Amino acid sequence: MLTLRQLVVKNGPASPFQQVLAWLAKQGDYFTAASVALDLLQDGETLYHLWKHLEMIDEQEEESKLDGLLDGIIPIRLVEHGDNMKNSTNVYVVHLADMTVGCLIKGGARMAKTLRKFLRKNEFYDPARACLMLAAATASAVSDDQEAVASVMGTRPNYNEKVDADALLWPVKCLLQIGIARNYLETALLLLNVTVPDELRHRRRAHQMQEEAPTPLIPGLEMTKRLVTMIVASDIMALDMLLDCVDSQSQLRYWQSLDHETQLSLSLIEIKSSFPIIRSPEIRAWVREELNMCLKKEADLPTSWLQELCIACMTNAGCDINDLEIDEHDEEVLQTSTLSGTSGSEIESLSATRMGRVGRGESISFDGSDEDGLNKVKLEMVETRNVLMPSTSDYSLDYDLLIPCLLLLECRRSPWFPNQQRQLKRHASTQSLLDAACYLAGRQPKKAPVLTTAKKEDTADEKPYLFADFDSTTAMRQCFLAQNVSAGANLIGGKNGFVLHICQVLMEEIGLSMADAESFLMSDELDLRPVEESKVEMTSFDLTNAHRKLLWLLDEHVLSVKTFGEFETIHIRGRVDPVFASRSIFRAWLSLSYGDKKAASNWLSQWLARRLEIGAFSCSININSSEPTPSHRLACAALARSLIWPSTSTTLVGPEEDSYGVVSLASVMEFETKFLIEVCESCVGLVESVPSGELEETSMM
């Protein structure tokens, strides 16, 4: 009080605000100093925020003391809106605003929220000076000096107390607030790069490498992640600015100056339910290179990181990962559908109820029973594809990252969902998700040229971090490196993809090479010698997963045919000729069941009759009647063409290289004549699907 009285004697009844604020700061009363400064600036909103946040609103003693101090301070005139006068009053206002920032900074973590509010709305403080003060506070906050940390926090040193990480980094939040509010973000990041370069890069300082060095308050990597998270979350341009920062020690740009562990950790930082760092073109290119090197076995990536990357890609695209959960109730319905008589419509409703996406994605049609397990396969396949088709996201799914990530996980036989969470719910398999991703990626439409954040200022209406067109060539090479034929088949699509699917079955089940399997399917001659020479023991028919895959292909490419245009595949990308598809599938079925052809064909004929609603599963059809045309007549026509109408060059070659002449595939597979008649009748007038000789024989019977 003596000093204050001396000021009164020297200056008269009123003193300059600089002397009063300096006296209060010297006494350590930063709350009163900040309150006086805010009142002089006529910032009642921020003043109220300060008092309310510190719970001083009802303190009459503080209020009376503030009023008394204000009576003894020379008032200043604020610059009004539109006032262009360049006089000394402007300097006083800037000086007062700067002192306000200084008082709030010295107030520590308790006044941090008020400081951020002031920095956001006030226009008078000097941003350069404020950034320097906050950069110095940041350096003290992350130091190992407990007294310096306590000074920043505005508390007394306590060597046994663990400081909250978010509270400790309040100077960084305020520094970034200046960058956003005053267009000073680049300068703010440069100051951080100079002030705390080791914390930004997860590097231990030189004195921390000594054995007796004190332990940092926060583990290095955690500190780095928090700093980078704050920076990236502050502004859409902040990540590009951070990547442009050069390390004074290594003279490398920011990302190149990090070690591999830090790069992996920072690349998958989650901010507001998204992973923005892997959207950056620079980081995305780095991730792609890491995945390629891992597929080539030139590098090793942790399985946990691959799982997180998989989830990050789908989250960025707005995919609802919860829709990939396999509900136990769904499995019960599918497994008990034969016994309980569950209808196909009830099974179909599972997808629509759980997904809510069937209407805009792929539709799904179920058989009334699931004794073959096909409904379960179809449900998982269609739901998985529909989940990967986001409808509300600003970003498309990044297949260039998702596909190699899933390929690596499948090579390791690892689930795509983290194990600790997967114990609660079962999700779609990694291979199913990979197949769906490849299927959709192969049909990805062309997109606009890549747009980086550097162009954001010139194209404000555009979305940043758009990706270039999907790199199908690299993805196909990755499928080859991973030896994943199924993924490659879905990626290629069309006839070639279909042939790859069948070849995979033949390679895995009877040990054919890729060349022999392709020749077996594509040749007009039905050469059974590779099947005879295979070392697989063939005794009796037993339905396997390989058979189920063939049934799925038959259902997708043949039984789903509804229009004549689907037989025209030359000018339609992605389509397969139903006749060729059915012939190839029947050949593969014959190869898998060669030891018991009769039983295998009987089972298949019953399945087809039920699926096509013919024979015992439907009323007899009168071609000349006025009844509605059956919905499966085109599918029956394709089956008839492949089973009983061989081309003139088709011959059967036996194991002894004996040619048995031109024969039908139905004869080789030993289908019952009754079933063939029912298929021909179901064509409903499509006589071109039935050979004339067979038609005459059928009529006589």
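The values are calculated or read from the model by the stated rules, or taken from the named source; none is laboratory data. Quick caveat, the model's predicted, so the values are computed rather than measured. FYI the Cβ positions are ideal-geometry reconstructions off the backbone, even for glycines, and counts take in every protein chain you see. In case anyone asks, the SASA skips ligands and DNA or RNA and just uses the protein heavy atoms, side chains included. Shrake-Rupley method; radii C 1.70, N 1.55, O 1.52, S 1.80 Å.
Hey, rough spin-label estimate for Thr673 and Gln18, points 7 angstrom out along Cα→Cβ, what's it come to in nanometres?
About 11.6 nm separates the two model spin labels.
Order these peptides, 252-260, 597-605, by their mean beta-carbon neighbour count within 10 angstrom, highest first.
Top of the packing list down: 597-605, 252-260.
What full-extension length gain, to one decimal in nm, is calculated for Ala167 and Ser273 as 0.36 nm per residue of separation minus the Cα-Cα distance?
35.9 nm
If packing is taken as the average count of other Cβ atoms within 10 Å, what order do 184-193, 230-239, 45-54 fall into, highest mean first?
In decreasing order of mean packing, 184-193, 230-239, 45-54 become 184-193, 230-239, 45-54.
Fully extended, how many nm does the chain gain between Thr303 and Lys121 (0.36 nm per residue separation, minus their Cα-Cα distance)?
60.9 nm is the gain from fully extending Thr303 to Lys121.
Would you kindly find the accessible area of Cys174, with a 1.4 Å probe and non-protein molecules such as ligands, DNA and RNA excluded, rounding to the nearest 10 Å²?
Approximately 0 Å² of Cys174 is accessible to the 1.4 Å probe.
Calculate, for Gln263 and Arg443, the FRET efficiency according to 1/(1 + (r/R0)^6) with r their C-beta to C-beta distance and R0 30 Å; round to the nearest 0.05.
0.35
Once you have the Cα-Cα distance between Arg412 and Asn545, take 0.36 nm times their residue separation minus that, and quote the gain in nm to one decimal.
Residue separation times 0.36 nm, minus the Cα-Cα distance, leaves 45.8 nm.
Suppose each label sits 7 Å from its Cα in the direction of the beta carbon; what would the Ser560-Thr473 distance come out to in nanometres?
Modelled inter-label distance: 3.1 nm.
How much solvent-accessible surface does Phe124 expose, in Å² to the nearest 10, with a 1.4 Å probe and all protein chains in place?
We get 70 Å² for Phe124.
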